[in-house]
Amino acid sequence: MQKRGKFIVFEGLDGSGQSTQAEILVKFLKRRKIKTHLTKEPTNNLIGGLIRGQLQGDWESTPECLQLLFSADRAHHIKKEVSPYLKKGINVVCDRYLFSTIAFGSLEIPDWNWLKEINKRFLLPDVVYYLKVSPRKCIKRITESRFSFELFEKEKKLKIIEESYMRLAKEYDVFQIIKGERSIKEVAEEIKKKTLKIL
């Protein structure tokens with residue numbers, strides 16, 4: 001019987017480096033001949049495009065509509081990409097997942113239970129690496145590397161989102177908090193070691 005792949009998720013504030021670390025881990029595992037697939041949310045599919053358009057200010061709807069779009073994108077993502085790879089025994093590394101929806105969604109939607117409810121039927125990962133970087137440090141990184149800010153990239157908002165992530169870390173035992181203000185290499189080495197133990 002085919003052994004199911006592991007589902008590994010990276011989370012963090014914008015500017016925390018979660019995308020970089022997800023890429024580093026996948027390259028590392030592939031070098032070791034460990035079958036691994038890298039993906040992200042929102043996806044590059046139709047609904048993901050709508051989401052990115054709103055985040056970048058190209059169009060506007062309600063906060064509830066945005067979160068439902070995230071959930072719809074996720075449902076399609078799991079069915080068409082994540083689950084098929086896992087069933088084939090291929091590990092899936094995902095840059096952002098349902099925890100982003102809840103943490104970022106909590107900015108404009110105070111109903112925490114509703115945010116969890118619209119995500120409760122989705123597959124839970126085997127591990128979530130949360131890169132803990134202070135909002136101030138994240139803003140500094142963003143301003144150094146990007147020309148424009150997205151909707152959520154402001155320090156006060158990032159502090160609220162960080163608090164939501166800490167709440168999620170208490171509610172979901174798959175969370176592992178990684179100190180993200182060290183060098184990229186130091187952070188990557190810790191994640192590699194933890195992942196090899198899981199695999």
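The values are calculated or read from the model by the stated rules, or taken from the named source; none is laboratory data. Owing to the predicted nature of the structure, the values given are computational and were not obtained by experimental measurement. Glycine gets a Cβ as well: all are built from the backbone with ideal geometry, and neighbour counts include every protein chain shown.
Structure notes:
- Scanning region 28-65 for residues that are without any contact (Cβ under 8 Å) to a residue 40 or more places away in the chain, buried (at least 16 other Cβ atoms within 10 Å of the Cβ) and assigned to a helix (DSSP H, G or I) yields Ile47, Gly48, Leu50, Ile51.
- Subset of region 178-192 (residues that are aliphatic (A, V, I, L, M) and surrounded by 14 or more Cβ atoms within 10 Å (Cβ to Cβ)): Ile178, Val187, Ala188, Ile191
- Test for Glu181: is it within 29 Å of Lys6 (Cα to Cα), of a type in the set (Asp, Glu) and either in contact (Cβ under 8 Å) with a residue 60 or more places away in the chain or part of a helix (DSSP H, G or I) (or both): no
- If only residues of region 97-116 that are out of contact with any helix residue (DSSP H, G or I) (no Cβ under 7 Å at 6 or more places or on another chain) and buried (at least 22 other Cβ atoms within 10 Å of the Cβ) are counted, the one that is nearest to Glu163 (Cα to Cα) is Ser100.
- When Leu196 is tested against (1) among the hydrophobic types (A, V, I, L, M, F, W, C); (2) touching a residue at least 12 places away in the same chain (Cβ under 8 Å); (3) not in a strand (DSSP E or B), only condition (2) is not met.
- In region 2-27, the residues that are modelled with pLDDT of 95 or more, buried (at least 21 other Cβ atoms within 10 Å of the Cβ) and farther than 13 Å from Tyr85 by Cβ: Val9, Phe10, Glu11, Gly12, Leu13, Ser16, Gly17, Gln18, Gln21, Ala22, Leu25
- Meets criteria (within 29 Å of Leu29 (Cα to Cα) and in contact with an Asp or Glu (Cβ under 8 Å, 6 or more places away or on another chain)) for Phe70: yes
- Verdict on Lys197 being under 19 Å from Lys27 (Cα atoms) and surrounded by fewer than 16 Cβ atoms within 10 Å (Cβ to Cβ): yes
- Residues (over 14 Å from the mean Cα position of the chain (by Cα) and outside any loop (DSSP other than H, G, I, E, B)) located in region 89-126: Asn91, Trp112, Asn113, Trp114, Leu115, Lys116, Glu117
- Residue-level check: of (1) over 14 Å from the mean Cα position of the chain (by Cα); (2) closer than 28 Å to Ile198 by Cα, Leu46 misses just (2).
Condition check ((1) without any contact (Cβ under 8 Å) to a residue 40 or more places away in the chain; (2) in contact with a Lys or Arg (Cβ under 7 Å, 6 or more places away or on another chain); (3) crowded, with 22+ Cβ neighbours inside 10 Å) across all residues:
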residue	(1), (2), (3)
Ser71	no, no, no
Lys79	yes, no, no
Leu86	no, yes, no
Val93	no, no, yes
